[in-house]
Amino acid sequence: MPGFANAYTVKKGDSFWEIAKQQGVSVHQLLQTNNYSSSLLYPGAKLTIPATISKSEKELMARLVHAEAKGEPYAGKVAVATVILNRVDHNDFPDSINAVIHETYSNGAIHAFSPVANGEINKRADAEAKKAVEEAIAFRGQGQGSIYFYNPNTAVSDWIFDTKTTIKIGNHVFAK
């Protein structure tokens, strides 16, 4: 995500994880933007904060996570949010959260995510889905590169079974 939002002065007890979580950016982005190769921080150091994901984008992600991963373990919710971010960062998908979530195929007949098609995405996200989105953002770029997920018991597209499985969490298989 190009651009820079602002600067941050490191306080005693700060960590990259806490700063990233507070600022809504990934630890990886924070380290890379500031040319750090270790996690050692000193109070008073000035950090450049990369551009963040907007509140409305986080809310949209949380609603999708809630709809797609309701009843799944927390790790599965984080993984669903990570798939969205991985798609944004992947050359084969749109480059914004909104566009990834609302992507369609076959001239709009097929939605990338079924909750967009059936309206479930319009329901309020719970606190756990929101927390999962924040965690996925903080760890952006550090996962296994999953760009798909599916439930093998309900999947209807055969091509998905030919993707490389990265991890299984709850009822979902994550793949690339």
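The values are calculated or read from the model by the stated rules, or taken from the named source; none is laboratory data. Quantities reported herein were computed from a predicted structural model and do not represent experimental measurements. Cβ coordinates were reconstructed from backbone atoms using ideal geometry, including for glycine residues, and neighbour counts include every protein chain displayed. Accessible surface areas use protein heavy atoms only, side chains included; no ligands, DNA or RNA. Shrake-Rupley method; radii C 1.70, N 1.55, O 1.52, S 1.80 Å.
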**OP:** Looking only at the range 114-130, count how many residues are in contact with a Pro (Cβ under 6 Å, 6 or more places away or on another chain) and exposed (fewer than 14 other Cβ atoms within 10 Å of the Cβ).
**Re:** 0
Original post:
Taking the condition at positive phi and open to solvent by less than 60 Å² (accessible area, probe 1.4 Å), does residue 145 pass?
Top reply: yes
**OP:** Please enumerate the residues belonging to the range 72-113 that are loosely packed, with under 15 Cβ neighbours inside 10 Å, under 14 Å from residue 61 (Cα atoms) and polar (S, T, N, Q).
**Re:** 96, 98
Original post:
Out of the range 73-114, which residues are of a type in the set (Ser, Thr, Tyr) and either in a helix (DSSP H, G or I) or touching a strand residue (DSSP E or B) at 6+ places or on another chain (Cβ under 6 Å) (or both)?
Top reply: 74, 82, 104, 114
Original post:
Can you name the number of the only condition in (1) charged (D, E, K, R); (2) free of Cβ contacts under 8 Å to residues at least 12 places away in the same chain; (3) in contact with a Gly (Cβ under 8 Å, 6 or more places away or on another chain) that residue 72 fails?
Top reply: (2)
**OP:** Mind listing whichever residues of the range 6-42 are of a type in the set (Ser, Thr, Tyr) and surrounded by 14 or more Cβ atoms within 10 Å (Cβ to Cβ)?
**Re:** 8, 26, 33, 36
**OP:** Go through the range 153-172 and count every residue that is free of Cβ contacts under 8 Å to residues at least 40 places away in the same chain and open to solvent by 60 Å² or more (accessible area, probe 1.4 Å).
**Re:** 10
